Amino acid sequence: MARIAGVNIPEEKRIEASLQYIYGIGLTRSQKILVNTGISPDKRTKELTDTEITKLRDYITKNYSIEGELRRATSQNIQRLKAVGTYRGLRHKLSLPVRGQRTKTNSRTKRSKRVTVGSGRKKPAAKT
């Protein structure tokens with residue numbers, strides 16, 4: 001099993017798709033990586049040689065921040081927004097949508113469990 005950046009990538013899938021299992025690599029970045037390393041995107045992961053895997057591993061670690069480093073940077077950016085007291089930081093603190101989405105009707109899961117739309121009547125008292 002090929003292991004890149006601490007992630008086991010699937011053997012049976014095309015290398016173009018299996019690189020996307022690494023946090024921080026999507027389809028476009030995967031395609032660019034394969035073009036720059038000279039590896040065919042149609043190859044399956046199990047068909048790669050050891051030299052190709054090391055070439056991929058070296059290229060990715062040298063040129064991109066991925067996995068733990070990227071997660072750490074993202075969380076630090078959010079913490080910075082909260083500390084400065086920006087509007088976006090406040091939205092993060094309150095667990096509300098950050099990017100301008102409406103909250104009157106949508107984002108019910110983001111706003112935590114609330115009373116759902118219903119009859120509004122109280123339940124009758126239990127009979128003794």
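The values are calculated or read from the model by the stated rules, or taken from the named source; none is laboratory data. Given the structure is predicted, the values throughout are model-derived calculations rather than measurements. In this analysis, Cβ positions are derived from the backbone assuming ideal geometry, glycine residues included, and neighbour counts consider all displayed protein chains.
Evaluate the following for Val98: is it modelled with pLDDT of 95 or more, of a type in the set (A, V, I, L, M) and not assigned by TED's automatic domain parsing to the domain that holds Lys13? Before the answer, list the steps.
Details: modelled with pLDDT of 95 or more: no; of a type in the set (A, V, I, L, M): yes; not assigned by TED's automatic domain parsing to the domain that holds Lys13: yes.
Spelling it out, it is not the case that Val98 is modelled with pLDDT of 95 or more, of a type in the set (A, V, I, L, M) and not assigned by TED's automatic domain parsing to the domain that holds Lys13.
Residue-wise test of (1) touching a residue at least 24 places away in the same chain (Cβ under 8 Å); (2) loosely packed, with under 14 Cβ neighbours inside 10 Å.
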| residue | (1), (2) |
| --- | --- |
| Glu11 | yes, yes |
| Ala17 | no, no |
| Gln20 | no, no |
| Leu27 | no, yes |
| Lys43 | yes, no |
| Arg57 | yes, no |
